[in-house]
Amino acid sequence: MTSSSDRSQAVDVQEPKTYEVRTYGCQMNVHDSERLSGLLEGAGYVRAPEGSDGDADVVVFNTCAVRENADNRLYGNLGRLAPMKTKRPGMQIAVGGCLAQKDRDTIVKKAPWVDVVFGTHNIGKLPVLLERARVQEEAQVEIAESLEAFPSTLPTRRESAYAAWVSISVGCNNTCTFCIVPALRGKEKDRRTGDILAEIEALVGEGVSEITLLGQNVNAYGSDIGDREAFSKLLRACGQIEGLERVRFTSPHPRDFTDDVIAAMAETPNVMPQLHMPLQSGSDPVLKAMRRSYRQDRYLGIIEKVRAAIPHAAITTDIIVGFPGETEEDFEQTMHVAREARFSAAFTFQYSKRPGTPAATMENQVPKEVVQARYERLVALQEQISWDENKKQVGRTLELMVAEGEGRKDGATHRLSGRAPDNRLVHFTKPDQEVRPGDVVTVEVTYAAPHHLLAEGAVLDVRRTRAGDAWEKRNTAEAPKPAGVMLGLPKIGAPEPLPVATGSGCGCD
């Protein structure tokens, strides 16, 4: 029999609330989702188990507005959650990101079961808005018109223990006619260099050995603080941080790609020999219609300078096929640039209208079947170029940073996967000794495919690293986690090339 004193000491222990974040779009959104996860965990939520598929107490959609069908995709996903919410008392749904910034009250009107709508400038308010919606029992819509605080001040739940994004700016000052991002993210705002370096040093102290500098137009860094060479100075300063082995950045704009940046890349040992520089089109008339401030000669001139300074650099790009008014001659100029530039990989997109952009209302929209045919021709060309460029890697000895989850067939093939300094994906034979994500191995490339390399011989060397220690510590302390990102973009580094896509890229790069 239980005494009254026993009953008085009984405690009603409640399970912590779970959350799930679903991410769409660019690298900026991926990094924002890491912050959203950090905010929720700071508020006491725990991440839902892998495969929960909406079966969480809070489901957050971090949306993208750059696809023509972005809203249909969102409302379809929200519709699938409606019956789940009915059966799960207390469940909350939040929508943030670029589409939320654009559509505002429309989301709640179309999906009245949504609890919170927040924009790109006030992601830090999510926990407060969720609590307010719970208490007031009505939807909370809060869209800030300008940045309230630089988001890097927010807590972050990073997806990787050994590699990290570091935002150096937000917003964009360009006016590309196909892009709505500047209207949603606002004008460019740069972080203080000291704050950026302090964040990087703190990350390295936690075991991170690779960082990717992130900005909507990353090499325009300094325009907000009046220093045209600020980006190259930042790259060189990264080279002075002890323990930081790899530095990457995405995505630069050809307009702002100056000689001092090329020199900093070539002369700073931990800045990797990799460049992702969007082309969008090889045709001067189309570039003008896109309001891109460079022309074919300028773009190819940058490629030539980069290759002269960094001979082994891998150069990747974004290309839009079928922009309004694109003729067969215009398209052939894009094919010409692809042949001349010898990209190691390309994101190739079919143009689709983005509501709210000037291009959406332009005359001479290219018929879908023409766009499809051109897209297939460009993909075939780039596939061959990628393969040819990868074949040049056979016989080379490379240092790979061991990656987590990038080799989908590694279990069946008894291989591991890693990234070369130029960010090529390499699958290698699993050595006898333990190798952890974040560790570094030395291998010899024996085979090339269009989108990856193989190192089928024995691993030549294994270097255990602090990054590997950080990965081991994290995975010992917590259960396996889902990726939480629903896109073909990279976890860290350059994306997998040539996705089958019908959009026209992200951002105004």
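The values are calculated or read from the model by the stated rules, or taken from the named source; none is laboratory data. Bear in mind that the values here come from a model prediction, so they are computed numbers and not experimental data. Cβ sites come from the backbone with ideal geometry, for glycine too, and all protein chains shown count toward neighbours. For accessibility, only protein heavy atoms count, side chains too; no ligands or nucleic acids. Shrake-Rupley method; radii C 1.70, N 1.55, O 1.52, S 1.80 Å.
Using the Cα atoms of the stretch 298-374 to build a convex hull, what is its mean projected area in square nanometres?
Numbers: hull surface 23.8 nm².
One quarter of the hull surface, i.e. the mean projection, equals 5.9 nm².
In deg cm²/dmol and to the nearest 500, what is the mean residue ellipticity at 222 nm of the chain if only DSSP H runs of at least 4 residues count, each as -39500 (n - 2.57), divided by the residue total? Don't skip to the answer; put the middle values down first.
On the way: 16 runs with 173 residues, N = 509.
My calculation for the chain gives -10000 deg cm²/dmol from helical runs alone.
Report which label in (1) 29.1; (2) 27.2; (3) 24.6 holds the value of mean projected area of the Cα convex hull in nm² derived from the coordinates of this structure.
Comparing each candidate, only (2) matches the computed number.
Exceeding 32 Å between C-alpha atoms, which entries from my cross-link table qualify? They are K102/K288; K17/K110; K391/K430; K305/K368; K17/K109; K305/K391.
K305/K368
If the only charges are +1 at each Lys and Arg Cβ and -1 at each Asp and Glu Cβ, what is the size of the charge dipole of the stretch 35-120 around the Cα centre, to the nearest 20 debye?
On the way: 12 positive and 10 negative charges, 40 e Å.
So the dipole magnitude of the stretch 35-120 works out to roughly 200 debye.
Quick check for me: using +1 on Lys/Arg Cβ and -1 on Asp/Glu Cβ, what's the dipole size of the stretch 243-293 about its Cα centre, in debye to the nearest 20?
Using only the charged Cβ atoms, the result is roughly 340 debye.
Report, in whole Å, the centroid distance computed from the Cα atoms of the stretch 391-435 and the stretch 101-134.
Comparing the Cα centres of the stretch 391-435 and the stretch 101-134, I get a distance of 42 Å.
Hey, how many Å between the Cα centroid of the stretch 157-207 and the Cα centroid of the stretch 16-37?
Cα centroid to Cα centroid, the span is 15 Å.
Restricting to bridges with both residues inside the chain, how much of the DSSP beta-bridge set is antiparallel, in percent to the nearest 5? Before the final figure, lay out the partial values.
Working: 19 of 62 bridges.
Given both bridge residues lie in the chain, the antiparallel proportion sits at roughly 30 percent.
Under 8 Å for C-alpha pairs, at least 6 residues apart: give me the relative contact order for the chain, rounded to a whole percent. Could the numbers behind the result be given before it?
Details: 1024 pairs, mean separation 74.5, N = 509.
In percent, rounded to a whole number, it is 15.
I want the local charge near R463. Using Cβ-Cβ distances under 9 Å, sum +1 for each Lys or Arg and -1 for each Asp or Glu among the other residues. Intermediate values should be presented prior to the final figure.
Numbers: positive: R464; negative: E399, D439, D461.
Surrounding charge for R463 is -2.
With a 1.4 Å probe and every protein chain kept in, tell me what percent of the accessible surface of the chain is carbon plus sulfur.
Accessible surface attributable to carbon and sulfur in the chain totals 50 percent.
So, for the chain, what is the accessible surface per residue at a probe of 1.4 Å, expressed in square angstrom?
Details: 21720 Å² over 509 residues.
Spelled out: the 1.4 Å probe surface of the chain, per residue, equals 43 Å².
How would you order 48-57, 364-373 from highest to lowest mean count of nearby Cβ atoms within 10 Å?
Numbers: 48-57: 15.7, 364-373: 13.8.
Final packing ranking: 48-57, 364-373.
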